[in-house]
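To keep things clear, I will list the structure first and then write my remarks on it.
The values are calculated or read from the model by the stated rules, or taken from the named source; none is laboratory data. A quick note: this is a predicted structure, and the numbers were derived from the prediction, not measured. Using ideal geometry, Cβ is built from the backbone for each residue, glycine included, and neighbour counts are taken over all protein chains shown.
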Amino acid sequence: MDTQRLIDALRAAEAVKFGEFELSHGGTSDYYVDKYVFETNPDCLELIAEAFAERLAELGGDTTLAGVALGAVPLVAVTSVETGRPYVIARKQQKEYGTANLIEGNLEEGEEVIILEDIATTGQSAVDAAEALREAGAVVERVIVVVDREEGAAENLAEHDLELESLVSASQLLADRE
C-alpha cells in the first residue's frame, strides 16, 4: 500500500481539521480526524478498502471481518466487497427490539475475526467489540484501524490480548503539514 497516497487523500478530503476539539473519551486535542469525511468520500473509501485488503492478504487466512457500529460499518462493508470476506457488525449496545443482537450477521463458534475500525485513540471501542465477539464465540486477536492517534490504544488493546495495526499513524498524517 502506498501510505503517502492515502495520507494525501485524507488531507485532500479535508478529513484532518485543526483547532480545539473534544474527543469521545473526554480529552481534548488540537486536531481532529473526521471519520465521516473520509468514510463518505468515494476516493478515500476506495483507497482504504484497497489498503485493508492488502493488509489482510499479507496476514493470510480466511478470517471474517467485523466493524463497530456505526463508524466502521462503511469501512467493513467496502472491504468485504473488495476481499470477498464476510463480515459482522458489533453493536455498542443491544437493540431493544427485533433480534436484540449485540453481533449482527452470521458468526460461527470458533470463527476467526479481525476487527476493522476507523480511528483508535484509547482503543476502548475496539476492546468492547472484541469482548462482545469473544462472548459470541469468535476468536479475535487483531484490530486494524485507518488512523492510530498514538494515544494509548496499542497498549490498551495489548492488555486485552489484541494486536493493533494501522494504515496510517497520527505522526505520519500530521508530518510536514503546512
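Structure notes:
- Filter result for T79 (over 22 Å from D2 (Cβ atoms) and among the polar types (S, T, N, Q)): no
- Output for the stretch 117-129, where each listed residue is farther than 14 Å from I89 by Cβ, over 10 Å from the mean Cα position of the chain (by Cα) and hydrophobic (A, V, I, L, M, F, W, C): V127
- Among the residues of the stretch 12-43, those that are of a type outside the set (D, E), in a strand (DSSP E or B) and closer than 24 Å to G67 by Cα comprise V16, Y32, V33.
- Among the residues examined, G71 qualifies as part of a loop (DSSP other than H, G, I, E, B), modelled with pLDDT under 95 and closer than 22 Å to E165 by Cβ.
- Beta carbons closer than 6 Å, at least 6 apart along the sequence or on distinct chains, pair a first residue in the stretch 47-70 that is free of Cβ contacts under 8 Å to residues at least 60 places away in the same chain and within 21 Å of N106 (Cα to Cα) with a second that is basic (K, R) and outside any helix (DSSP H, G or I) for L65/R85; A69/R91.
- Qualifying position, being in contact with a Leu (Cβ under 9 Å, 6 or more places away or on another chain), closer than 28 Å to L6 by Cα, at pLDDT 95 or above and not β-branched (V, I, T), among A57, A130: A130
- Qualifying residue in the stretch 110-121 (condition: touching a residue at least 40 places away in the same chain (Cβ under 8 Å), touching a His at 6+ places or on another chain (Cβ under 9 Å) and of a type outside the set (K, R)): yes
- Checking each residue in the stretch 1-11 for being touching a strand residue (DSSP E or B) at 6+ places or on another chain (Cβ under 8 Å) and outside any loop (DSSP other than H, G, I, E, B) picks out T3, L6, I7, L10.
- Pairs where the first residue, in the stretch 148-164, is over 13 Å from D128 (Cα atoms) and modelled with pLDDT of 95 or more and the second is of a type outside the set (A, V, I, L, M, F, W, C) and in a helix (DSSP H, G or I), C-beta under 8 Å, 6+ apart: E150/S171
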